[in-house]
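In what follows, a single structure is set out as structure tokens and then discussed.
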Amino acid sequence: MIAPKQLVSPIRPPRAVIRGEIQWGLQAALDRRGLGPVAGVDEAGRGACAGPLVVAACVLRPGDGARLPELTDSKLLTAAARERVYDRVVARALDYSIVVVPTEEVDAIGIHVTNVEGMRRAVASLDLRPGYVLTDGFGVPGLPAPSIPVIKGDRAVACVAAASVLAKVTRDRLMAGLHEEHPVYGFDIHKGYTTPEHGAALTEHGPSEVHRWSYANVARAAVAHGRRPTRRVMLTAAALLRMSGEAEPTVDGDVGQNGASAVQRPTSSRGGARIS
């Protein structure tokens, strides 16, 4: 006889476990059902407080795993390995696109909106129209094909990992170029992310035009140096207080979460540029 407790216990499917190796199974399953080509999409630079946001979309050849043995999440690779994988993906992919969204656009419309719009642009820029799109972590409305968000997609799905490498290497190269223009900030080392060294440089020199003035830590440095943004900026609530000179108890967790807007002298927002 089955105990009552067993009768009411919910039946749960076994939990999927990712063991560290990049997976081709989801793409293969979609391809087998005639839902390909399958595109993966990912970004680089969402958490940085300087430099552009870079978004990439990539369509890999089905069953090409043996020819991409190092492919994984770009954050798990060394800089040298990323460069090798980047070159291999560019050579082997059926199609790819890379969209660079400038700092001015991030400041004007906010990082989340910019990220979603960048993913739409990247997929739309593919010459090979995908039958399905896999995104990293969250759903993206408005894509030109059905899509599925995959938790830790850059570690779990090969085409998303490939997109992450394309975006990361492209952005790192751009930040190395910005270092030549603004050497005091050390963009070649931290790539625009908020590190103690970057924070110290912001405190000493104030923000540059390639910093994201909508971020609270940049706004705080701007106030300390008596500077105002020269372009349209959507400020966080914390950044608004910083720009007005009011006290604000903490900015941790507000950085990059754009909310209320403060309009300065507007400039036109530039769109993304495809790199191929």
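The values are calculated or read from the model by the stated rules, or taken from the named source; none is laboratory data. Small disclaimer: the values here were computed from a predicted structure and weren't measured. Reconstructed Cβ throughout: ideal geometry from the backbone, glycine too, with neighbour counts over all protein chains shown. Quick note on the areas: whole protein, heavy atoms, side chains included, nothing else; ligands and nucleic acids left out. Shrake-Rupley method; radii C 1.70, N 1.55, O 1.52, S 1.80 Å.
A few points about this structure:
- When the range 73-114 is filtered for residues that are among the hydrophobic types (A, V, I, L, M, F, W, C), over 30 Å from ARG232 (Cα atoms) and out of contact with any Pro (no Cβ under 9 Å at 6 or more places or on another chain), the ones remaining, listed by number, are LEU76, LEU77, ALA79, ALA80, ALA81, VAL85, VAL89, VAL90, ALA91, ALA93.
- Cβ-Cβ under 9 Å pairs, at least 6 apart or on other chains, the range 85-104 side assigned to a strand (DSSP E or B), far side of a type in the set (S, T, N, Q) and open to solvent by less than 50 Å² (accessible area, probe 1.4 Å): SER97/SER125; ILE98/SER125; ILE98/THR170; VAL99/SER125; VAL100/THR170; VAL101/THR114; VAL101/ASN115
- Top-ranked residue of the range 30-75 - restricted to ones that are exposed (fewer than 15 other Cβ atoms within 10 Å of the Cβ) and not in a loop (DSSP other than H, G, I, E, B), ranked as nearest to the chain's Cα centre (by Cα): LYS75
- When restricted to residues that are surrounded by fewer than 18 Cβ atoms within 10 Å (Cβ to Cβ) and under 12 Å from VAL41 (Cα atoms), the range 122-151 contains 6.
- Residue that is modelled with the highest pLDDT [pool: residues in the range 1-29 that are basic (Lys, Arg) and part of a loop (DSSP other than H, G, I, E, B)]: ARG12
- Number of the exception - VAL251 against (1) over 15 Å from ASP107 (Cβ atoms); (2) open to solvent by 70 Å² or more (accessible area, probe 1.4 Å); (3) at pLDDT below 50: (2)
- At least 3 residues being under 12 Å from the mean Cα position of the chain (by Cα), under 18 Å from ARG82 (Cβ atoms) and at pLDDT 95 or above is the threshold, and among the helices (runs of 4 or more DSSP H) wholly inside the range 107-183 those reaching it are 158-181.
- Residues that are open to solvent by less than 40 Å² (accessible area, probe 1.4 Å) and either of a type in the set (Gly, Ala, Ser) or over 22 Å from ARG171 (Cβ atoms) (or both), drawn from the range 193-230: GLY199, ALA201, GLY206, SER208, SER214, ALA216, ALA219, ALA221, ALA222, PRO229
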